[in-house]
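A short reminder: the numbers here are calculations on the coordinates, not readings from a lab. Keep in mind that what you see is a predicted model, and the values were worked out from it rather than measured. With ideal geometry, Cβ positions are generated from the backbone for all residues, glycine too; neighbour counts draw on all protein chains shown.
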Amino acid sequence: MRSLFLAQLALLGLLSSALPPVSSAQNSSPSPASEWQIAAQNIDPANYYGITVANGMIGLVSSPEPMKVKDVVLNGAFDTYGRGRVSNILKVFNFANMNLDVDGQRIGPKTISNYRQTLDMQKAALTTTFDYQNKVTVKQTVMALRHLPYSALTMVEITAKTACEIIPMSVLESPENLKEVKNFYSEIDRPHVTIRLLTSVAKSPSGKHTVAASTSFIFDEPHGQEPDVIHEDWDYNMHLAKFKKRLKAGETYKFSVVGSVSSTAHTADPHNEAERLTIFAALERTQRLLVRHNAEWDKLWQSDIIIDGDADAQRAVRQALYHLYSFAREGTAYSLSPMGLSGLGYNGHVFWDTELWMYPPLLMLKPEIAKSLLEYRFERMSMARQNAFSHGYQGVMFPWESDADGQEATPVWALTGPFQHHITGCVGWSFWSYYQVTKDKDWLRTRGYPMLKEVADFWKSRVEKGTDGQLHINNVIGSNEWQENIDDNAFTNGMAKTSLQYATKAAQELGLAPDPQWNIVAAGIPILTFPDGTTKENRTYDGVTIKQADVNLLAYPLKVVTNEAQIRKDLAYYGPRYSPDGPAMGWSTLSTLNTRLGDAEKGYEWFVRSYKPNEVPPFGVMAETAGGTNPYFATGAGGMLQAVLSGFGGLDITDAGINQLKGKLPKKWKSLTIKGIGTDKRTVVVK
């Protein structure tokens, strides 16, 4: 597989002697039916990695089985179970599963043909189609409703090839992690409508939360002519509602299922809330739900990236945008996990992946969503303050892995929890970046400066004065996590200097007197170099292979290193030292820097390396590493998008707002259009 991928890249002119070898790659490029669609055909259940439809609150992960959903993930709901003896995001009731019997036989993977799944990114809808023998053709479309954060809609069309009897079933199933499951079925009769509610309620693994889900059929027939619905309670973890319908040859029958999920992480009474939300959606009816859902996605896609001349890059970039838009939402205080809502990867925790990788594209294209990510951190400042206190520091010390409460949720065996302190600087950096883009002085007064002040106080207490008179940050783990407990890590020191300077700027912007120590400390923190002037990753770094970007981050996005000769020197030294097994976002940094230095062709090589080897079948979902098997790696999406926006597009976040450096495109691209930038939603075109 590796040799095949290298041969393909060679034919495309994508290989460079400077590129490290690709360790493993999936030859899984989908063939989109259009620029907005990703189609999966010839589906192999043994080599299947699902695509996610999500709305920032619930994530539904596709399944290779017909009419099934693999996982349902609920944002903001965590409990202690599974890996690492720490909190894990909850997998909740699968309320989008269905069964279908045709003439008394259950359809399944072995009895269907022409199986195809297509994600429409424009409408955030996954459509599955298949034939069952010579009897029926089925079309099913699933979406997490964008305007109703806790609800999802499934639309079904069944066309009879010959006269037959169908029995569709709405199935509500509990995953193994939920306990004390109780199942309910009720019918609410009104003169104009009958609402049939299938409901399940359970406890989270430790009993911390109550979780509830509810579903209802939506029929097109007039009231009184709908099919009779029968409830079947199979066992404690699964029950269903079903109806029977006879179809004539050529007849098409349509119906929908709407479902909602809630927990005590979101409301005091999730049982009643789930049912109320389902009733609301059911009485909105399918068409009104679609209109509202599509309108919300139309608003999101007002900020888009259009690449002319490279269909594969267009698909990958739009898929990256689609996932970031799907995993976050405006008006919340939820952040982004490395895997978003595509599964339980990294326990759903929040890392530096948010602030440094996923946040910048959202800040440039959707600052209203970026604001929600910052609110997540702001609301957890008290826990970060306690964390700093517990470690003997002042200000706020953010956890390496943050959960719903903002406590340190890194498993004890991972030293990153106590020592990867650069994340606190990343949080401060992201807060000032928001002000740079929006110039929202009220927000700066109530959110930005209070955060930056405490971040600066942390670094002021964190430095140690050495015999050389400099202020050192010792005993940390940098972004290159393969070197533990080292001193004066380049990225950590650079981020500390930057966030200290930003705290001073924020105070001055508000007419306040900054702590004079902030600038003194920032000036005293060293960035180490080798004798030849190359930036040294840490005090004891000796040239070993690195996991991911560290020193190179000082040039972009930090701008600590701005001299072009220095940037080139650091690139030449560290580029060959990136591990081929490293995560996707490292390559995007090399892409952005090379493009900004004027070499768009080399930037393009690294850009392709940042996503192509990591794609897995059948949708081209991006894994964390080449040959990886995890769900969609939103961190890598953020990095790849930065290579496009800030590399080829030249967008640059400054104190004057979002400026545009001179963009430079690879030869293959005819033009790059970036729509909906910043608060004024402007468009730039690079040719």
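Report relative contact order for the chain in percent, whole number only (criteria: Cα-Cα under 8 Å, sequence separation at least 6).
This gives 14 percent for the chain.
Once the mean 1/r over all distinct Cα pairs of the chain is inverted, what Kirkwood radius in angstroms do you read off?
This gives a value of 26.3 Å.
What's the ranking of 107-115, 366-374 by average number of surrounding C-beta atoms within 10 Å, highest first?
Listed from highest to lowest mean packing, they are 366-374, 107-115.
Which one of Ala268, Ala313, Gln436 is farthest out on the positive end of the charge dipole of the chain, using unit charges on Cβ (Lys, Arg +1; Asp, Glu -1) and the Cα centre as origin?
Toward the positive end, the furthest listed residue is Ala313.
Go through Ile658, Ala409, Leu363 and say which Cα lies farthest out towards the positive end of the charge dipole of the chain; charges sit on Cβ, +1 for Lys and Arg, -1 for Asp and Glu.
Checking the options against the dipole of the chain, the answer is Ile658.
Is the shape of the stretch 443-532 best called rounded, prolate or oblate, per the rule: a/c under 1.5 gives rounded, else a/b larger than b/c gives prolate, else oblate, with a ≥ b ≥ c the square roots of the Cα gyration tensor eigenvalues?
In terms of gyration-tensor shape, prolate.
Between Lys179 and His391, what length comes free when the chain is fully extended (0.36 nm per residue of separation minus the Cα-Cα distance, one decimal in nm)?
In short, 72.7 nm is gained.
Grab the DSSP H runs of the chain that are 4 residues or longer, score each as -39,500 (n - 2.57), total them, divide by all residues and round the 222 nm result to the nearest 500 deg cm²/dmol.
-9000 deg cm²/dmol
Roughly what would the spin-label model give for Thr683 and Thr446, points 7 Å off Cα along C-beta, in nm?
3.4
Take each complete run of DSSP H in the chain, measure how far its Cα atoms stretch along the helix's own axis, and keep only those covering 18 Å or more with mean Kyte-Doolittle hydropathy at least -0.5; list them.
311-327, 422-438, 490-509
Between Glu368 and Asn114, how many nm apart are label points set 7 Å from Cα along the C-beta direction?
Going by the 7 Å Cα→Cβ label model, 4.2 nm.
Please compute the Cα-Cα pair-distance distribution of the stretch 52-300 with 5 Å bins starting at 0, giving whole percents from short to long.
Whole-percent P(r) values from 0 Å outward: 1, 6, 14, 18, 19, 17, 13, 7, 3, 1, 0, 0.
Once you order the gyration tensor axes a ≥ b ≥ c over the Cα atoms, which shape class does the stretch 551-687 get: rounded for a/c under 1.5, otherwise prolate or oblate by comparing a/b with b/c?
Because a/c hits 1.5 or more and a/b fails to exceed b/c, the stretch 551-687 counts as oblate.
Note down the magnitude of the dipole of the chain about its Cα centre, charges +1 on Lys and Arg C-beta and -1 on Asp and Glu C-beta and zero elsewhere, to the nearest 20 debye.
Charge dipole, the chain, about its Cα centre: 1180 debye, nearest 20.
Sketch the reach of a paramagnetic label on His147 as a point 7 Å from Cα along Cα-to-Cβ, and name the residues of the stretch 265-289 whose backbone nitrogen lies under 14 Å away.
280-289
If R₀ is 51 angstrom, what is the calculated FRET efficiency for the pair Leu512 and Tyr236, using the beta carbon separation as r and rounding to 0.05?
After rounding to 0.05, the efficiency reads 0.30.
Need one word for the stretch 268-361: rounded, prolate or oblate. Basis is the Cα gyration tensor (sqrt eigenvalues a ≥ b ≥ c); a/c below 1.5 gives rounded, then a/b vs b/c decides.
Oblate is the answer for the stretch 268-361, as a/c is 1.5 or above yet b/c matches or exceeds a/b.
At a threshold of 8 angstrom on Cα-Cα distance, excluding pairs fewer than six apart, so keeping six or more, what relative contact order does the stretch 587-641 reach in percent?
27
For Gly511, what charge total do you get from the other residues with a beta carbon under 13 Å from its beta carbon, if Lys and Arg give +1 and Asp and Glu give -1?
+2
Applying 1/(1 + (r/R0)^6) with R0 = 56 Å to the Cβ-Cβ distance of Thr545 and Thr137, what FRET efficiency is obtained, to the nearest 0.05?
Once the sixth-power term is evaluated, E becomes 0.60.
Ranking request for peptides 487-497, 223-233, 555-565: highest mean number of other beta-carbon atoms within 10 Å first, then the rest in descending order.
Packing proxy ranking, top to bottom: 487-497, 555-565, 223-233.
For the stretch 52-300, with only Lys/Arg (+1) and Asp/Glu (-1) charged at the beta-carbon, what is the dipole magnitude about the Cα centre, in debye rounded to 20?
Value, rounded to 20: 540 debye.
Where nothing but the Cβ of Lys and Arg (+1) and of Asp and Glu (-1) is charged, how large is the charge dipole of the stretch 373-527 around its Cα centre, in debye to the nearest 20?
About 560 debye.
Charges on Cβ only, +1 for Lys and Arg, -1 for Asp and Glu, centred on the Cα centroid of the chain; of Phe93, Trp587, His209, which one is farthest towards the dipole's positive end?
With unit charges placed on the Cβ atoms, the residue in question is Trp587.
Expressed in nm to one decimal, what extension gain is obtained for the pair Glu464 and Asp581 from 0.36 nm per residue of sequence separation less their Cα-Cα distance?
Extra length from Glu464 to Asp581 when fully extended: 38.7 nm.
How high is the relative contact order of the stretch 52-300, given as a whole-number percent (alpha carbon pairs under 8 Å, six or more residues apart)?
20
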